[in-house]
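> What follows is a structure written as structure tokens; I'll ask about it next.
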Amino acid sequence: MEDSHRIVVLDRYSPKLLAVILGILFLSLLDAALTLYLVEHGASELNPVMDYFLKRGPLLFTVTKYVLTCIAVLIFLLLANSVVPRYNFKAEKLFPYTLLAFGAVVVWELVLILVFVARL
């Protein structure tokens, strides 16, 4: 009977948010794969943190990239219902912006690959 007096707080998230999160994680892995392809063909990693892991091997690079993305998504998820009062900005809006950013990076990498292939 004691448990009936506890307050339980559960966050509920929409299926749309799940789709965006899965998109972010997929694009992160795609970004890693495309980066590895580009580096194998003469490009260099500009992010010094990721370059450190890249120099230690492609598997460590990919796993680190994915884990860091997962941590960021988890932090965003924990803060999703928070609002920055001064700007009336709900933290949940960070998800589509993140998806857009990863999408832009992947598109840029695809353009670089097309330019590289066109020169062959």
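The values are calculated or read from the model by the stated rules, or taken from the named source; none is laboratory data. This is a predicted model, so every value here is computed, not measured. Using ideal geometry, Cβ is built from the backbone for each residue, glycine included, and neighbour counts are taken over all protein chains shown.
> Give just the number: which of (1) surrounded by 11 or more Cβ atoms within 10 Å (Cβ to Cβ); (2) of a type outside the set (Val, Ile, Thr); (3) out of contact with any Phe, Trp or Tyr (no Cβ under 7 Å at 6 or more places or on another chain) does Leu46 not satisfy?
(1)
> Please go through region 59-88 and pick out each residue that is touching a residue at least 24 places away in the same chain (Cβ under 8 Å) and under 19 Å from Leu17 (Cα atoms).
Tyr66, Thr69, Cys70, Ala72, Val73, Leu77, Ala80, Asn81, listed by residue number.
> Now for a different question. Of the residues that make up region 50-58, is at least one in contact (Cβ under 8 Å) with a residue 24 or more places away in the chain, on the phi < 0 side of the Ramachandran plot and assigned to a helix (DSSP H, G or I)?
No, the conditions are met nowhere in region 50-58.
> With the condition kept exactly as written, say whether any residue in region 100-115 is surrounded by 11 or more Cβ atoms within 10 Å (Cβ to Cβ), more than 20 Å from the chain's Cα centre (by Cα) and either in a helix (DSSP H, G or I) or of a type in the set (Val, Ile, Thr) (or both).
So far as region 100-115 goes, yes, one or more of its residues are surrounded by 11 or more Cβ atoms within 10 Å (Cβ to Cβ), more than 20 Å from the chain's Cα centre (by Cα) and either in a helix (DSSP H, G or I) or of a type in the set (Val, Ile, Thr) (or both).
> Pairs under 7 Å by beta carbon, first residue of a type outside the set (A, V, I, L, M, F, W, C) in region 5-25, partner assigned to a helix (DSSP H, G or I) and at pLDDT 90 or above, six or more apart or different chains?
Gly23/Leu99
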